[in-house]
1. With r as the distance between the Cβ atoms of Asn239 and Asp147 and R0 = 35 Å, compute the FRET efficiency 1/(1 + (r/R0)^6) and round to 0.05.
2. Among the listed pairs Lys9/Lys48; Lys9/Lys79; Lys48/Lys297; Lys172/Lys248; Lys48/Lys78; Lys48/Lys75, give every one whose C-alpha distance is greater than 20 Å.
3. Tell me which residues come under 5 Å, amide H to amide H, from Asp56 once H is placed; ignore anything under 5 positions away on its chain.
4. Give, in nm to one decimal, the length gained when the segment between Lys172 and Asp28 is fully stretched (0.36 nm per residue of separation minus the Cα-Cα distance).
5. Give me the percent relative contact order of the stretch 9-77, please, defined on Cα pairs under 8 angstrom at least 6 residues apart.
6. How high is the relative contact order of the stretch 147-319? Use alpha-carbon pairs under 8 Å, at least six apart in sequence, and give a whole percent.
7. About the Cα centre of the stretch 12-66, how large is the charge dipole given +1 on each Lys and Arg Cβ and -1 on each Asp and Glu Cβ? Please answer in debye to the nearest 20.
8. Cα extents of the stretch 180-276 along the three principal axes, largest first, in whole Å?
Amino acid sequence: MAPSQMYDKDEKVLCFHHEMLYEAKVLDVRQEDKNDKKSGFQYLVHYKGWKNTWDDWVAQDRLRKFTEENLELAKNLKKEIDRVNQMARGGGKSAPTKSRKGAGSARPSEERGTPQQMAGKKRVRDADTERIDEWRDKPQIRLPFPDILKSILVDDWENVTWLNQMVPLPSKYPVSELLDSYREFQEPNVVPGTTNAVVLDELTQGIREYFNLALGRILLYKQERRQYLEWRKRIMDKNDPIHRDGEKSFYQIYGAEHFLRLLTMMPELAAQTNLDTQSINRLREELINMLMWLAQKPTISKYFSTPYVQNSYLEEHERNGPNKHEPATASNDS
């Protein structure tokens, strides 16, 4: 099926330039291959306030409609990227966290040590600095999270670790369905067989695999451990009723709450790969697109609407135990 033209000549739009969205105007429209009616569309855009030398032909997936919602997303992207850049220059401080009962810090006198201890710490710091420098040399992904998604993450943390609640399973809208919906959302912008189509396929499939591998290792709070182990047992039992419509996996059981936790860790996971700079940049663009889609009100209303329930897996002493806010650590049963 031939792709549809989504933007018209002289239309005001928002256009991605690297990871930022800028106001622009469509000057002209053409097909990528004039001899192939099934090829996608390209748009000649002029960025508002920029010199004409910056005018550029861009693919359809670089553009967004000029709406209040997308303007808010553009604003949030700029704010988050400015914050990340300030932190990278060493001139910023991380945002303060709300003080929680039982989450105290050491007194200044307790943070000091003997000269021998301090010398040992210096050697450790020097070694750590070398490792950090090596890590910084790798291509990085900076993902600006819209404020609404940050708020969801905070609420999720509080529900699980402080209110003794959990996400009911299986999710009404599992990760598999969420990724299928995202593909449908992106398909009008992607021409089959192109690099963008391949990246979209690889991203959605790769996230499914990443989710299965990461869930038991880094995506759970310790309060969710028993729930996870029960569902792990059921998934491994091929005679369990959950498999009657086909074999199930974690990404078909867990939903958007745990998926969002995975996205927060994608920069760190990507830094551990051997992807080159070009591949990292393309991955970043697609992940930003995904975050923007997740931050839309219809998406939030559908995928983040399931009420939490009381965590029936916790023992009474665990409900008021110390260090409730700590995530679960990896174990052999992951």
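Please treat every number below as a calculation from the coordinates, not as lab data. Note that this is a predicted model, so its numbers are computed, not measured. Positions of Cβ are generated from backbone atoms using ideal geometry, with glycine treated the same way; all protein chains shown enter the neighbour counts.
1. Working from the Cβ atoms, E equals 0.15.
2. Details: Lys9/Lys48 15 Å; Lys9/Lys79 30 Å; Lys48/Lys297 27 Å; Lys172/Lys248 14 Å; Lys48/Lys78 16 Å; Lys48/Lys75 15 Å.
Distance filter (> 20 Å) returns Lys9/Lys79; Lys48/Lys297.
3. Amide H to amide H, under 5 Å and 5 or more residues apart or across chains, Asp56 pairs with Val45.
4. Between Lys172 and Asp28, full extension yields 47.5 nm more.
5. Over the stretch 9-77, the number comes to 31 percent.
6. It comes to 43 percent, rounded to a whole number.
7. 240
8. If we take the Cα atoms of the stretch 180-276, the spans are 42, 33, 22 Å.
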